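This report concerns only the one structure given below.
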Amino acid sequence: MAKKTKKIETPIDQRETFVSIQKSFADSDLSVEEKLKTLYALQQADTQIDKILQLRGELPLEVESLENEISEMKAKVAHISAHIDELNDKIAESRHNMAECDAQLEKYRAQIDNVANSREYDSLNKEIENQELLKAIAEKNIDESKTAILAKKVDIEAIKEKIEVRSEDLKAKHAELDTIVESTSAEEARLRAERAACAEKIDARTMSAYDRIRKSCNNHLAVVSVFNGDSCGGCFNSIPP
């Protein structure tokens, strides 16, 4: 009994010539006429889907852009709020340092009244000066941190106002897009089902060529009828006999 020879499928090359696609076209289980009709039906479904997507226009991109902008602004608010928390921690730490300085100053001033010699007196005076300097630095840090917090709170309010405005814009764009999608969703679903049914009948190599041609054309027409008997129905150039 003779063994069946298994047909080897060559991989699809995006740069392949029309000759190899033509061979695959001819080797199909469908007749050339049926395959052409299926390709044309596929193109008709894709054209109608393109019109629906065109009706939505730039709305999906505008909605995505607004969502990204709002997300970035919210992240910025969170970042500024975290910085404010750090400044509040710095204020708390500075107040703690001031309390420690006050305690040390009270101790050194009590000791300076009972010094035994000038050397001890000078040493205590030096410690008092150091503690007063540390206290002044802590007070300065508190004042600077409070000023920075006020400025950052103003920034947060400004960003929140922008978020509110952008959120209203997003709400309006969403409503507009939802209206269009709702009015065309049934028709789009029907067309996509038709497209899928046509695509199932066509071999992978021909589908690859079809998709490649659609992407390369501004009008996305890969399969067209003959116009006026001697012209391409897509670009309207004359077709030589």
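The Cα center of region 29-106 and the Cα center of region 155-198 differ in position by 15 Å.
Just list whichever of Lys173/Lys215; Lys90/Lys126; Lys35/Lys173; Lys146/Lys171 have alpha carbons separated by over 32 Å in the model shown. Lys35/Lys173; Lys146/Lys171, as the Cα separations exceed 32 Å there.
Dipole magnitude for region 30-202: computed about the Cα centre from +1 point charges on Lys and Arg Cβ and -1 point charges on Asp and Glu Cβ, it is near 340 debye. Note on region 85-241: Rg/Rh from Cα positions, Kirkwood definition for Rh, rounded to two decimals, is 1.61. Annotation for Asn88 and Ala151: the two label points, set 7 Å from Cα along the Cα-Cβ direction, are 2.0 nm apart.
Values in this text are rule-based calculations from the coordinates and carry no lab data. These numbers come from a predicted model, not from an experiment. When we count neighbours, we look across all protein chains shown, and the Cβ atoms used for this are built from the backbone with ideal geometry, even at glycine.
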